[in-house]
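Colleague: Please find one structure pasted underneath; my questions will follow.
The values are calculated or read from the model by the stated rules, or taken from the named source; none is laboratory data. None of these values were measured; they are calculated from a predicted model. Glycine also receives a Cβ, built like all others from the backbone with ideal geometry; neighbour counts cover every protein chain displayed. Accessible surface is based on the protein model in full, side chains and every heavy atom, while ligands, DNA and RNA are left aside. Shrake-Rupley method; radii C 1.70, N 1.55, O 1.52, S 1.80 Å.
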Amino acid sequence: MSGTTIPGEPGGRTGNLLVTLAAFVVVVAGMKAAAPLLVPFLLALFLSILIAAPFSWLQRRGLPAGVALLVVLGLFIVAVFLVGRLVGSSVQDFYSSLPVYQARLQDITAGFTTWLGGMGIPVSGELVSGYMDPGKAMKLVADMLNGMGKILTNGFLILVTVIFIMLEAAGFSDKWRVASANAEVSLGRFYAATGNINRYMGIKTLTSLATGIAITVWLAIVGVDYPVLWGVLGFLLNFVPNIGSIIAAVPAVVLALVQLGAGSALLTAAGYLVVNIAIGTFLEPRFMGKGLGLSTLVVFLSLVLWGWVLGPVGMLLSVPLTIAIKIVLDSHEDTRWMAVMLGPHVVPEPAPADAAEVTDGRM
């Protein structure tokens, strides 16, 4: 009996925590191994959550579920097709011009090295090319475009999965009421989770769309090649928290430097800075509010974790996935403390007035 650990004691809590962490490691390892199968399903799931709002709106207007689903998916497919046609031609032109851009960037790097030498700062050309390789800068752009293309190759599978998810969702609540004894409570938590994720995805989509349009217009004014391509890239990477906007700005600024010179590169960088400050700092928090309840550190760590597990798609969906996990943890008393730790800074509540008076009286 002396070696038995009581669950309520600190030793029991430590053991439960270790078991939870071990289970988490096993689940993450399984997700990473199953990423090729899991990524299309997650994309389909979050697309289903995203189109649930217009789908329900059309149903409330009297359209049958099948017709409403066809209308929503038809509009989505048309939008993706039009954007794909615009971006596809830009991608082909960019790849054909890539050797020219690389040669110009090498000339600019060599000129910069010579200028530093003239200013009395001797810099080895090999050192500059080793740490500031122009080919690597352009390869970064090509890798991002290739990543977008790999996501689109699963388009048919994602579309079919979305259709089945939306058709299955109509009868999900009735099935769960039959299967579960505590159905209303669990359904309430489920609808709260999907509602929060849907709200986040909806607001993030609108702000990302505004970001992409603003960047496209600004780059067209400056005169940078392929403004639609960089606008679409800005739209997609705006879903990646913290560093997405910085990554989106790199290829456009480099291209502006190569194509138009240092002045236009500065104008391009300034445009990205203004757009992201206006939308990401002022507009988006105004509509998003504090309902998500994730700390900045957790957002960044979730970006790293899901990006490592699921690749670029994991980075795009890092915040929704973490929100879903936080809501699940918050729904159980034993794991609520984990949800609190994932949340933002909590201001302690002030002590009651009567307690303060008693303390003062004792003093």
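Colleague: Per the Cauchy relation, a quarter of the hull surface: what is the mean projected area of the convex hull of the alpha carbons in segment 172-230, in nm²? Mind dumping the intermediate values first?
Modeller: Details: hull surface 20.7 nm².
Spelled out: convex hull of the Cα atoms, projected over all directions, averaged, 5.2 nm².
Colleague: Additional query: For segment 215-295, which whole-number percentage of the solvent-accessible area (1.4 Å probe, protein heavy atoms only) is attributable to carbon and sulfur atoms? Mind showing how you got there, number by number?
Modeller: On the way: 2680 of 3570 Å².
About 75 percent, which is the carbon plus sulfur part of the accessible surface.
Colleague: At q = 0.17 Å⁻¹, work out log10 I(q)/I(0) for segment 155-264 with the Debye formula, treating every Cα as an identical point scatterer and leaving solvent out; two decimals please.
Modeller: -0.89
Colleague: In nm, to one decimal, how far is the L98 label point from the N16 one, both placed 7 Å along Cα→Cβ?
Modeller: The modelled label-to-label distance comes out at 5.4 nm.
Colleague: Nearest 0.05, what FRET efficiency do R177 and R61 give at R0 = 30 Å with Cβ-Cβ as r? Before the final figure, lay out the partial values.
Modeller: Values: r = 27 Å, r/R0 = 0.88.
So the FRET efficiency works out to roughly 0.70.
Colleague: If R₀ is 45 angstrom, what is the calculated FRET efficiency for the pair D107 and I277, using the beta carbon separation as r and rounding to 0.05? Display every interim value, and only then the final one.
Modeller: Values: r = 33 Å, r/R0 = 0.74.
With R0 = 45 Å, the Cβ-Cβ based efficiency is 0.85.
Colleague: Give me the distance in nm between label points sitting 7 Å out from Cα along the Cα-to-Cβ direction at L86 and T296, one decimal.
Modeller: 3.4 nm
Colleague: A further question follows. Based on the Cβ-Cβ distance from A35 to A169, what FRET efficiency comes out when R0 is 35 Å, to the nearest 0.05? Provide the component values of the computation, followed by the final result.
Modeller: Details: r = 25 Å, r/R0 = 0.71.
Efficiency for this residue pair is about 0.90.
Colleague: At q = 0.17, 0.26, 0.27, 0.28 Å⁻¹, work out log10 I(q)/I(0) for segment 34-86 with the Debye formula, treating every Cα as an identical point scatterer and leaving solvent out; two decimals please.
Modeller: Log10 of I(q)/I(0), two decimals: -0.64, -0.97, -0.99, -1.01.
Colleague: Under 20 Å from the 7 Å Cα→Cβ point of A23, by amide nitrogen: which residues of segment 290-330?
Modeller: 321-330
Colleague: Same structure again: Points 7 angstrom from Cα along the Cβ direction at L75 and R286: gap in nanometres?
Modeller: 2.5 nm
Colleague: Then there's this: Sorted by packing (mean other beta-carbon atoms within 10 Å per residue), highest first, where do 22-28, 274-280, 233-239, 323-329 land?
Modeller: Per-residue Cβ counts within 10 Å, averaged per peptide and sorted highest first, yield 233-239, 323-329, 274-280, 22-28.
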